[in-house]
Amino acid sequence: MNLRNWKVLHCAVAILVIFIDALFARPAFAGIRYEVYFDQRQKHLFDVQMYIPDVAPGTRIAIPAWDTLYQIRDYAYRIRDLRATLLTPGAHVGVKMQATKIDKQTWQLDEQVPSKEAGPLGEAIIRYTIEWDDPGPFSSQINAHHAFMNLAEILMYVPDRRAEESVIVFDGIPAGWKVFTELPAGPHPASFTATSYDALVDAPVEAGKFEEFEFDSAGAHIRVIVDAASYRKGALENALKRITAYQLQLFGGPPFKEYAFIFHMGPYSETGAGGGMEHSYSTAIATNSLESAVSVAAHEFFHAWNVKRIRPRTLEPTDFSKEQYTRALWFAEGVSNTYQYYTLERTGLLSKEGFYGEFGEQVCELELHPARTWQSVEESSLDAWFEKYDLYNRPDRSIWYYNKGEILGLLLDIEIRTATGNHKSLDDVFRLMNEQYAKQGKTYDDSEGVRAAVEAVAGKDLQEFFRKYISGIAAIDYNSFLLPAGLNVKIEKEESADLGFWPTRTLNGTVVSAVESGSGAEAAGVREGDALLEINGLTFPIPLTSWLRAQSPRQKVKLRVRREGEEKEFTFALGAHGDLHCSISDAPHPTEMQRRIRDGILRGATD
């Protein structure tokens, strides 16, 4: 019998209530308590009960407008049947409280009976259901197979009491299911505690018949949760051991005793849900292959320092009610991408050729975006909140802070190594920021804070670099930057195949955001808004850049889409357009210093 059923008995039979209370009494808890029930999983509904002690008339409760993505997603629209009750001290039956909505995500609680009848203020009980059936890692889901929860998308909070300790209890758990989250165990089975609401919602939850394994790495205990029909445990464990050991060594040890990877491996990326989401003590990753799972893990584990602990001032404290702007995403996300591929190459999980190929693709990606001539990478960071709009993501409208930030990370590393005779590197910048900010509980001043740290390590003024390439839009002379590292960049124009339409990833899948006028796709009947399912038998999303390079202009393709609930198939000829091919290679006859810098980048070493 679950907790809800006990409460029905509680209200129905007072004597039995007293007996049950004595037998199953909760330990005293002064903070805010949540109970989440899985009984309605077939309907994709979480049942939530929230207990607020010492509530005052006029208390406001709210649910975040955003979390996990820099997008306003208004989770309040998913809430239904919200009710509030006041339980006064010594009472067994609560009195109804009026919950008045005052904006799209906030309610105000007031007693509906005279205060002399209600007695002294006590505990408010908030009940509601919230619907979720969107795969992680950026959303939440409950169904017959499992439940995955980003708790800020499910749990309400009291805005002026976010700092209070919280406990969460899960109930209605199906037989054979386990519940995991990287939080301390609570006073009841399947319960967990957190020092605050913010700490609570920074810990994603997986419930289901998942597999798990664990290992120790450089002073940290690593737990791995896997929801997959099948996967190669040995290969995943080997890769994670290399990734964690390298990055823990880079920072001189862990900022935690335990860390968890939560993997969903399957067709998740077909719905646009693929990727990873960082948290302070864990990460949630959804991919359709082991290779991409490993690659994303290298990025997300680095976030345990860069962004979660080495944190821009503009992101603290979190404001769940509205957009929170920062100019530093090029560093927080883009340079984390740099270290994603540094980690993979330096641990032997990626070849040197693969490493060069990755940065070559990033150069092409930036050069193929005309918006690079008018939007800076800082502006791209500020505009992250526009990414949910298809028009904004077109190459002539925006660049991406991940892309240019990844390039800038490599260029800054070379600048530091060149200025110091390869005695210092970007690694030292992160170690310095870890000491100055993360370990001191301080935040840095966006790009200015990064510049100060880079200059301290390089021993040189980099104001002009930051003015031109970070706050500015100056064209990057790649060879002048990479030659000191004994590297060449070649950018070649070539005719390549063109789809004739713009595909865009969304949370609900890959869709056609625009169709090129006069294209074969337009003539065949492809329309804006079509959900892309397959092309030549390959399921979307696919790595379009590499796929298109393997096709010939004017080659016929077969496209399958879903439109208004029906599947349609189109055959048409690909278009042709002038494309770029960007490659990075070792420069012939490098000097001794060029060779040392290049080898230092590849090995993660300095002289």
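Please count how many residues of the stretch 431-449 are closer than 29 Å to TYR356 by Cβ and either polar (S, T, N, Q) or out of contact with any Leu (no Cβ under 9 Å at 6 or more places or on another chain) (or both). Within the stretch 431-449, residues that are closer than 29 Å to TYR356 by Cβ and either polar (S, T, N, Q) or out of contact with any Leu (no Cβ under 9 Å at 6 or more places or on another chain) (or both) number 4. As an exercise: evaluate SER282 against (1) surrounded by fewer than 21 Cβ atoms within 10 Å (Cβ to Cβ); (2) among the hydroxyl-bearing types (Ser, Thr, Tyr); (3) touching a residue at least 40 places away in the same chain (Cβ under 8 Å) and give the number of the one condition it does not meet. The failed condition is (1). In the stretch 324-338, the condition of being within 24 Å of SER376 (Cα to Cα) and surrounded by fewer than 20 Cβ atoms within 10 Å (Cβ to Cβ) is met by at least one residue.
Residues checked against (1) outside the structural domain of ARG162 (by TED's automatic domain parsing); (2) crowded, with 22+ Cβ neighbours inside 10 Å; (3) out of contact with any Ser or Thr (no Cβ under 9 Å at 6 or more places or on another chain); (4) not small (Gly, Ala, Ser):
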| position | (1), (2), (3), (4) |
| --- | --- |
| PRO204 | yes, yes, no, yes |
| LYS233 | yes, no, yes, yes |
| ASN238 | yes, no, yes, yes |
| GLN249 | yes, no, yes, yes |
| MET277 | yes, yes, no, yes |
| ASN288 | yes, no, no, yes |
| GLU291 | yes, no, yes, yes |
| HIS299 | yes, yes, no, yes |
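Among the criteria (1) under 24 Å from SER139 (Cβ atoms); (2) out of contact with any strand residue (DSSP E or B) (no Cβ under 8 Å at 6 or more places or on another chain); (3) not in a strand (DSSP E or B); (4) not aromatic (Phe, Trp, Tyr), the one PRO541 does not fulfil is (2). ALA239 meets all of the listed conditions (1) closer than 25 Å to SER139 by Cα; (2) touching a residue at least 24 places away in the same chain (Cβ under 8 Å) but one, namely (1). For the stretch 157-194, which positions are assigned to a loop (DSSP other than H, G, I, E, B), more than 22 Å from HIS146 (Cα to Cα) and of a type in the set (Asp, Glu)? Residues satisfying the conditions are GLU164, GLU165.
Just one of the listed residues (VAL307, VAL294) is more than 13 Å from the chain's Cα centre (by Cα) and without any contact (Cβ under 8 Å) to a residue 60 or more places away in the chain, namely VAL294. Counting only strands (runs of 3 or more DSSP E) wholly contained in the stretch 34-91, the ones carrying 2 or more residues that are in contact with a Pro (Cβ under 9 Å, 6 or more places away or on another chain) and of a type outside the set (Val, Ile, Thr) occupy 60-62.
When residues of the stretch 216-231 are filtered for being loosely packed, with under 15 Cβ neighbours inside 10 Å and under 30 Å from ASP427 (Cα atoms), how many remain?
So in the stretch 216-231, the residues loosely packed, with under 15 Cβ neighbours inside 10 Å come out as 216, 219, 221, 229-230.
With under 30 Å from ASP427 (Cα atoms) added as a condition, the list becomes 216, 219, 221.
Final tally of qualifying residues: 3.
Looking at GLY500, GLY520, can you tell me which residue is under 19 Å from ILE542 (Cβ atoms), in contact with a helix residue (DSSP H, G or I) (Cβ under 6 Å, 6 or more places away or on another chain) and at pLDDT 90 or above? Going through GLY500, GLY520 in turn, just one is under 19 Å from ILE542 (Cβ atoms), in contact with a helix residue (DSSP H, G or I) (Cβ under 6 Å, 6 or more places away or on another chain) and at pLDDT 90 or above: GLY500.
Answer yes or no: is there a residue in the stretch 146-155 that is touching a Gly at 6+ places or on another chain (Cβ under 7 Å) and among the aliphatic types (A, V, I, L, M). Yes, that holds for at least one residue. Determine whether the stretch 63-74 contains at least one residue that is in the same structural domain as PHE170 (by TED's automatic domain parsing), surrounded by 19 or more Cβ atoms within 10 Å (Cβ to Cβ) and of a type in the set (Val, Ile, Thr). For the stretch 63-74, residues in the same structural domain as PHE170 (by TED's automatic domain parsing), surrounded by 19 or more Cβ atoms within 10 Å (Cβ to Cβ) and of a type in the set (Val, Ile, Thr): present. Scanning the stretch 446-470 for residues that are surrounded by 16 or more Cβ atoms within 10 Å (Cβ to Cβ) and either over 19 Å from LYS424 (Cβ atoms) or not hydrophobic (A, V, I, L, M, F, W, C) (or both) returns ASP446, SER447, GLY449, ARG451, GLU455, TYR469, ILE470. Among the residues that make up the stretch 594-602, is at least one of them on the phi < 0 side of the Ramachandran plot, under 32 Å from the mean Cα position of the chain (by Cα), part of a strand (DSSP E or B) and not β-branched (Val, Ile, Thr)? No: zero hits. Only a single criterion out of (1) under 18 Å from ALA328 (Cβ atoms); (2) without any contact (Cβ under 8 Å) to a residue 12 or more places away in the chain; (3) part of a loop (DSSP other than H, G, I, E, B) is not satisfied by ASP461, namely (1). For VAL95, the requirement of being touching a helix residue (DSSP H, G or I) at 6+ places or on another chain (Cβ under 7 Å), in the same structural domain as ARG41 (by TED's automatic domain parsing) and of a type in the set (A, V, I, L, M) is met. Residues in the stretch 199-243 that are more than 13 Å from TYR281 (Cβ to Cβ) and part of a helix (DSSP H, G or I): 11 in all. In the condition set (1) in contact with a strand residue (DSSP E or B) (Cβ under 6 Å, 6 or more places away or on another chain); (2) under 30 Å from LYS322 (Cβ atoms), ARG223 is compliant with all but (2).
The condition of being surrounded by 19 or more Cβ atoms within 10 Å (Cβ to Cβ), more than 18 Å from ARG327 (Cα to Cα) and not charged (D, E, K, R) does not hold for ALA384.
Scan the stretch 390-413 for residues that are within 21 Å of the chain's Cα centre (by Cα) and either modelled with pLDDT of 95 or more or not acidic (Asp, Glu) (or both) and the total you get is 13.
Counting residues in the stretch 96-118 that are part of a loop (DSSP other than H, G, I, E, B), at pLDDT 90 or above and crowded, with 19+ Cβ neighbours inside 10 Å gives one or more.
Does GLU494 meet the test of being assigned to a loop (DSSP other than H, G, I, E, B) and on the phi < 0 side of the Ramachandran plot? Steps first, please.
On the way: assigned to a loop (DSSP other than H, G, I, E, B): no; on the phi < 0 side of the Ramachandran plot: yes.
No; evaluated as a whole, the condition is false for this residue.
ARG562 fulfils the conditions (1) in a strand (DSSP E or B); (2) touching an Asp or Glu at 6+ places or on another chain (Cβ under 8 Å); (3) closer than 23 Å to SER289 by Cβ except for a single criterion, (3).
The values are calculated or read from the model by the stated rules, or taken from the named source; none is laboratory data. Small disclaimer: the values here were computed from a predicted structure and weren't measured. Glycine also receives a Cβ, built like all others from the backbone with ideal geometry; neighbour counts cover every protein chain displayed.
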